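These notes concern the structure reproduced below.
Only the coordinates and a few stated rules stand behind these numbers; no lab work does. Everything numeric here is computed off the predicted structure, so don't read it as measured data. Positions of Cβ are backbone-derived with ideal geometry, glycine not excepted, and every protein chain shown enters the neighbour counts.
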Amino acid sequence: MPNMVTVLQRVSAASVSVDGKVVGSINRGALILVGVHKDDGEANADFLAAKCAELRVFPDDGGKMNLSVKDINGEALVISQFTLLGDCSKGRRPNFTAAAPPEKGRLLYARFVEKLKEHVRKVETGIFGADMKVSLLNDGPVTVVIDG
């Protein structure tokens, strides 16, 4: 069964740098790590983009997690991360055979970003396949894993 994986972290701010240069940054919103499974398709990207935009992980006036990044008019920073598909069930080195090959991963990551932009006012990204340095100010912390 295909399993694109996202890790969503509620943040006060986040940024990503490549070769010492900031290539994406956000204020209050969500840092979303995305791993694409080799059997995923566009439907997986579409589903998870909507789910990430509408997942209620931000507090309302009463302090309950009743608001989404979309509801708070927040921002999103999306980072590709094939290592989310690492299988650690055997041995001491993760096996990444479930991860999509680079070109398929790039296409579905881009699809996820484009679909997220339909819901979230500002979406920034890292650079697919690059060695990235990610900085964040966790809010809560609130971290959830979503697959689909």
Would you tally the residues in region 124-148 being more than 12 Å from the chain's Cα centre (by Cα), surrounded by fewer than 15 Cβ atoms within 10 Å (Cβ to Cβ) and farther than 16 Å from F112 by Cβ?
-> 8
Among V34, V69, V18, V57, which is the only one that is among the aliphatic types (A, V, I, L, M) and in contact with a Ser or Thr (Cβ under 6 Å, 6 or more places away or on another chain)?
-> V34
Of all residues in region 37-57 being within 16 Å of the chain's Cα centre (by Cα) and outside any helix (DSSP H, G or I), which is surrounded by the most Cβ atoms within 10 Å (Cβ to Cβ)?
-> D40
Scan (1) surrounded by 15 or more Cβ atoms within 10 Å (Cβ to Cβ); (2) free of Cβ contacts under 8 Å to residues at least 40 places away in the same chain; (3) assigned to a strand (DSSP E or B) for the single condition N66 breaks and write down its number.
-> (1)
Within region 1-15, work out how many residues are of a type in the set (G, A, S) and out of contact with any Ser or Thr (no Cβ under 8 Å at 6 or more places or on another chain).
-> 1
Kindly list the number of the only condition in (1) in contact with a strand residue (DSSP E or B) (Cβ under 8 Å, 6 or more places away or on another chain); (2) surrounded by fewer than 17 Cβ atoms within 10 Å (Cβ to Cβ) that fails for V11.
-> (2)
Considering every residue within region 72-88, establish whether at least one is among the charged types (D, E, K, R), touching a strand residue (DSSP E or B) at 6+ places or on another chain (Cβ under 7 Å), free of Cβ contacts under 8 Å to residues at least 24 places away in the same chain and exposed (fewer than 14 other Cβ atoms within 10 Å of the Cβ).
-> yes
A30 passes all but one of (1) touching a Lys or Arg at 6+ places or on another chain (Cβ under 7 Å); (2) surrounded by fewer than 16 Cβ atoms within 10 Å (Cβ to Cβ); (3) under 20 Å from P141 (Cβ atoms); (4) not polar (S, T, N, Q); which number fails?
-> (2)
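So that you can scan it fast, the table gives a plain yes or no per residue for (1) part of a loop (DSSP other than H, G, I, E, B); (2) in contact with a Lys or Arg (Cβ under 6 Å, 6 or more places away or on another chain); (3) over 26 Å from V22 (Cβ atoms):
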site: L84; (1), (2), (3): no, no, no
site: R93; (1), (2), (3): yes, no, yes
site: T97; (1), (2), (3): yes, no, yes
site: R111; (1), (2), (3): no, no, no
site: K133; (1), (2), (3): no, no, no
site: D139; (1), (2), (3): no, yes, no
site: V145; (1), (2), (3): no, no, yes
If we keep just the residues of region 98-112 that are farther than 13 Å from N44 by Cβ and free of Cβ contacts under 8 Å to residues at least 40 places away in the same chain, which is surrounded by the fewest Cβ atoms within 10 Å (Cβ to Cβ)?
-> E103
Evaluation of V23 against (1) touching a Leu at 6+ places or on another chain (Cβ under 6 Å); (2) assigned to a strand (DSSP E or B); (3) not small (G, A, S) (one fails), failing number = (1)
